[in-house]
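First up is the structure itself, then whatever we jot down about it.
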Amino acid sequence: MNQWERVTAGDFSKSTRKRLPICFCIDASGSMMAPTSSQKTRMQELNEAFGKFMGAMKTNEDVAASADISIVTFGGEPEILQPFAPIKDMIVPEIRPVQYSVTPLGEAIQVGLKLLEVRKDAYKKRGMKYFQPWLVVFTDGEPEGPNAAENMEIAIRQTTELERNNKLVVFNIGIGSDVNFDILKRLSVKREKAISVDETNLDGLFNFLGASSDSIVNNSDNTDILYGKETVAKGEEIDISEWTI
Amino acid sequence: MSNNADNFELLNDIDLFVIDFSTIANLNSTDVFDELVNFWVNHRKSVAVTRDFYENYDVIIQCRNEEQKRIANYVVSTLETLKGSNLLKYFSNQTRPGDLIEKLHKNPRVCFVYYKYSEFAENVCDYEQNLMAKAIVLNASGELIVCTDKDAIWTESFNRIDKSVIGDGFFKNSYIPTTGDYVKTRDGERYHLTSTIGAGGEGTVYDCQKEGIGDGTDYVVKIYHKGQLNKLRLKKLMIMETKKVDFNGVSWPEKLIYSEKGEPVGYIMKKIKGKPLSAIFSSDEDVLKEFPYWTRENVLWVIIEVLKKIQYLHLFGIIVGDLRLRNIIIDQQGNVSLCDIDSCQINDLPCPAGFPDFTAPEIYNIEFGKKLRTYRNENFACSVVLFKLLFCGLHPYDQIDGADSIQMDINRKKFPYPQCGTYGLEKVPWGPYKGIWKHLPIQYQMFLYNMFKVGERYSVIEMIIMTQTYYNFLYKYKSYYYFVNDITFETEDIDDLD
């Protein structure tokens, strides 16, 4: 049995809430050690923003009772840094980049999808309901390593198929300017383009993710809002005097 | 009003009048009713009331509107006088209007008396083509309309959506008031917005002070964000202003609120304190963390209280629509209140919101804002609320190896519990739920099974009576068994249930 297929009762809270499984696939390759304009490395920026984000998720009662988190890093080879667990009592691990390592993006995504699949099965076996799982991919480069291109194609095929059937929500996020956005974009068919963020403004991105999780947990399965199809007031302004009841 | 009296003469060949309580709840004055009673007495007509008539009466006399209570008391005491001349019939085992209508709708010597937007009207409309009975319908302006054929009944009782409020567009607001600003009601009361209580997608809720009165009030003001006040919302709020809804634990939008410039911007409602039920009924641990001394009785009491508030609103043609645990607030004493009612369906104005867990299978996949909900739809939502409260937040269709979405299991009626008894619980989710099921009285198990497996739609009143009986049973045996939650109940113990 593989490492990620071991699921015990302790991994689940007793909550009857619908679960929101989120898998983060985070780039930990050598390039994440590149310094940014604020004298920190990209990884430091990411760790800080991620820590804040997790803190905010925990204080949001509705989200904290629903979200289950796992983290896969990829620097040299994919590694499960944090297996799935309820966010409520999770200690946020620090992500450490691996020096001079390559970026096995496709392989990491495959591991992430496998984790989500196992998690979904575990929910089903216990009779727990869940929202469609989220796959959040962060990278600052492009797939690298032996068979990188082939593995990336497999990953793209898997994510797009799941997404088309409404069984997955994909956040494909590129940090900095060295990202291969063409290939990153192809991970999602619903998103018009990959999300591009500046390395010094990661807070904004995580605020968006936090607000998205809140709206999913509180409203419904309507994922339009997660793909930027905003549901703001439609139509023209009406003058009240022109309207009679 | 002699007009009415003449019209009543058209009903000379009627033997039996069946009166629904919704008529009484929506009367503007007792004059209209007096004419009807005079007609009954002069022509020696029989009048029938059912058990739900008195169940509704019990609820209405708990409201805070004195006029409403006075009318209800007047009507009931007038009906009592008919008893003396043997004109009043009482069907004590009828708790669902649909049953009585089913028996009587083909009888041309029967006349139904009901309110246009009531559950009773909905049930009458079910028999569209086969309807032979006649009807007196109380319309929204408080007039009694005599209908002598099925087409007239259909015109007066079938509700279509108000098309004038559908569509995009919102009102121009030159200024959205915020903390520190003054706002006013139509009749000139001025309120000072003192601080923010909370903000959501639609608007912001403020604490307020009434001008001239130093201390804070029991009221809060909700101000819509720019672009949120559309035709549907505004018309709904205007109708809400005219309805005399005043009940403990219903934060009814009482008055429209205008900015200093005279533009409508929001509404004022009673302040409620507490936590949403969804935060507490999310696991057995959460319930006990908040209420460590609670037993089953307390849970049953919460269910009954929630359902009673819905029953009260139904009397006025109001369907909550977006009913879910998150929209019900509970305070530390265990008192419950309905909130966010500004989105409810009222008369022919739809409720545009809804949550999949509480959506009846027949309206799955429809656009809520474009179709009116029925009482049948709402009764499903009520039954899910009942189950969720009983099972610490578990949904009735949560199960092992369930479908991907809850809606699929709802549509297929895949209920993982047996008709009764303690076997066949393999599909019940992990947790204390098997135990909860096993401790339910057999009648209650069958009641749940009928609702979720057979698909029977009980009325809110039936759910209350059923839960009340269970409550009384627990109460009765409390003195004999210290650990009242640990005993299993035998069938013959419950003699009150039919």
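My understanding is that a pair violates if its Cα-Cα distance is over 32 Å; which of B:103/B:438; B:150/B:414; A:18/A:114; B:289/B:438; A:40/A:193; B:83/B:134 do that in this structure?
Values: B:103/B:438 37 Å; B:150/B:414 38 Å; A:18/A:114 20 Å; B:289/B:438 23 Å; A:40/A:193 28 Å; B:83/B:134 23 Å.
Violating the 32 Å limit, Cα to Cα: B:103/B:438; B:150/B:414.
Put in line by how crowded their Cβ is, counting other Cβ atoms within 10 Å and starting with the fewest, B:400, B:366 read B:366, B:400.
On the principal axes of its alpha-carbon atoms, the protein assembly as shown has extents of 101, 67, 53 Å, going from largest to smallest.
Spin-label model, residue A:178 to residue A:89: label points 7 Å out along the Cα-to-beta-carbon direction sit 4.1 nm apart. With the simple model of a label 7 Å out from the Cα in the direction of the Cβ, residue B:263 to residue B:93 spans 6.2 nm.
Applying a 10 Å radius around every beta-carbon, put B:62-69, B:12-19, B:331-338 in order of their mean neighbour count, most first. Intermediate results must be reported in sequence, preceding the final value.
On the way: B:62-69: 14.2, B:12-19: 17.4, B:331-338: 15.9.
Going by the mean number of other Cβ atoms within 10 Å, highest first, we get B:12-19, B:331-338, B:62-69.
Ranked by Cβ crowding within 10 angstrom, fewest neighbours first, how are B:265, B:302, B:205 ordered? Display every interim value, and only then the final one.
Details: B:265 26, B:302 23, B:205 20.
The most exposed by this proxy come first: B:205, B:302, B:265.
Segment residue B:58..residue B:196, full-extension length gain: 45.9 nm, with 0.36 nm per residue of separation and the alpha-carbon distance subtracted.
Counting other beta carbons within 10 Å of each residue's own, what order do A:96, B:44, B:51 fall into, fewest first? Don't jump to the answer; show the numbers that get you there.
Working: A:96 14, B:44 9, B:51 17.
Neighbour counts put them in this order, fewest first: B:44, A:96, B:51.
If the chain linking residue B:211 and residue B:66 were pulled fully straight, counting 0.36 nm for each residue of separation and taking away their Cα-Cα distance, it would gain 49.6 nm.
Annotation: aspartates and glutamates with alpha-carbon distance below 17 angstrom to residue B:243 (same-chain offsets under eight excluded): B:66, B:67, B:143, B:187, B:254, B:340, B:342, B:348. If the segment from residue A:59 to residue A:200 were pulled out straight at 0.36 nm per residue, it would be longer than the present Cα-Cα gap by 48.3 nm. Residues within the reach of a label modelled at residue B:301 (point 7 angstrom out along Cα to beta-carbon, backbone nitrogen below 17 Å), restricted to the stretch B:456-476, are B:467-476. Across the stretch B:23-67, the residues whose backbone nitrogen lies under 18 Å from the label position 7 Å along the beta-carbon direction of residue B:139 are B:23-24, B:26-29, B:32-33. Legend: calculated FRET efficiency, residue A:208 to residue B:456, from the Cβ-Cβ distance at R0 = 56 Å, rounded to 0.05, equals 0.80. Sorting A:103-111, A:148-156 by average packing, meaning the other beta carbons within 10 Å per residue, from highest down gives A:103-111, A:148-156.
Computed from the C-beta positions of residue B:107 and residue B:366, the FRET efficiency with R₀ = 35 Å rounds to 0.50. With R₀ set to 25 Å, the beta-carbon distance separating residue A:52 from residue A:161 gives a calculated FRET efficiency near 0.15.
Model label sites at residue B:163 and residue B:151, defined 7 Å from Cα along the beta-carbon direction, differ in position by 2.1 nm.
The calculated P(r) of chain B, using every Cα pair and 20 Å bins from 0, goes 21, 52, 26, 1 in percent. Between the residues B:334, B:79, B:345, the greatest Cα displacement towards the positive end of the dipole of chain B, with unit charges on the Cβ of Lys, Arg, Asp and Glu, is found for B:345.
Just list whichever of A:52/A:125; B:116/B:270; B:235/B:270 have alpha carbons separated by over 31 Å in the model shown. Present the calculation step by step, with values, prior to reporting the outcome.
Working: A:52/A:125 33 Å; B:116/B:270 28 Å; B:235/B:270 20 Å.
The answer is A:52/A:125.
Coordinate-derived values only; no laboratory data. The structure displayed is predicted, hence computed values, not measured ones. So basically every Cβ, Gly included, is an ideal-geometry build from the backbone, and we count neighbours across all protein chains shown.
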